Amino acid sequence: MNIFRLTGDLAHLLAIIILLLKIWKTRSCAGISGKSQILFAIVYTTRYLDLVTTYVSAYNTLMKIFFLASSYATLYLIYIKFKATYDHNHDTFRIEFLILPAFILALLINHAFTFLEVLWTFSIYLESVAILPQLFMVSKTGEAESITSHYLFALGSYRALYILNWIYRYATEVHYDLIAIVAGIVQTVLYCDFFYLY
Amino acid sequence: ERKLEKKDEL
């Protein structure tokens, strides 16, 4: 663990909490893309399957459980509890256009052709583009609420901080994972591009 | 490239 990874994880945690609190306090999920949240739930589910096979640390286990639980809680709020406030007319991104290419790419480019490894790789590829339905929705409606911008900023910072973490780990442990690094850079560029435009 | 045996990142 280093400072970049810890602050990255905390930014990720903060983003999720901002989103949940926003929906809960305003009793509304207006402006939030349910499609992006579906993609994040798929990302966490396919990445954290190793929760039952591999133990890393209490921190690792607790964070994984939190990310899984919060992503399903967010889906529950959007699609069931506050369904009436969900802006589905503006949430029209076709997620199969992200899921299928990410899956095919995971089958072709991975570290090992095993069930867990391919799904882990798929989750990395899918995460890098999972925010697109949300960015598409913001660009369609013209403006994001400030709280939605805070959410996007915290979520974007997380992968940017992970890039610093990967540089640090390369320097100190000579450890690197090209799949995570390339996908992480793509992900960060998408967020930067969005913040540059808006 | 030395891939992690255990994936310790989130």
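A few remarks follow.
- 5 angstrom amide H check on residue A:32, placed H, neighbours 5+ away: A:87
- The overall shape of the protein assembly as shown is prolate: from the C-alpha gyration tensor, with semi-axes ordered a ≥ b ≥ c, the ratio a/c is 1.5 or greater and a/b exceeds b/c.
- For chain A, a Gaussian network of Cα nodes joined below 10 Å ranks A:91, A:177, A:50 by mean-square fluctuation, and the top entry is A:177.
- Using alpha-carbon coordinates, inclination of helix A:132-141 to the longest axis of chain A, degrees: 30
- Just checking the listed ones, A:130, A:180, A:84: in the Gaussian network model of chain A with Cα springs under 10 Å, the one fluctuating most is A:84.
- Residue among A:107, A:75, A:178 with the largest mean-square fluctuation in a Gaussian network model of chain A, springs linking Cα atoms under 10 Å: A:178
- Check: segment A:1-123 dipole with +1 on Lys, Arg Cβ and -1 on Asp, Glu Cβ, in debye: 440
- Placing +1 on the Cβ of every Lys and Arg and -1 on the Cβ of every Asp and Glu, with no other charges, gives the protein assembly as shown a dipole of roughly 460 debye about its Cα centre.
- 222 nm mean residue ellipticity, helices alone, for chain A (DSSP H n ≥ 4; -39,500 (n - 2.57); rounded to 500): -24500 deg cm²/dmol
Coordinate-derived values only; no laboratory data. Remember, it's a predicted structure, so these values are computed and weren't measured experimentally. Methodologically, a virtual Cβ is constructed for each residue, glycine included, from the backbone with ideal geometry; neighbour enumeration extends over all protein chains shown.
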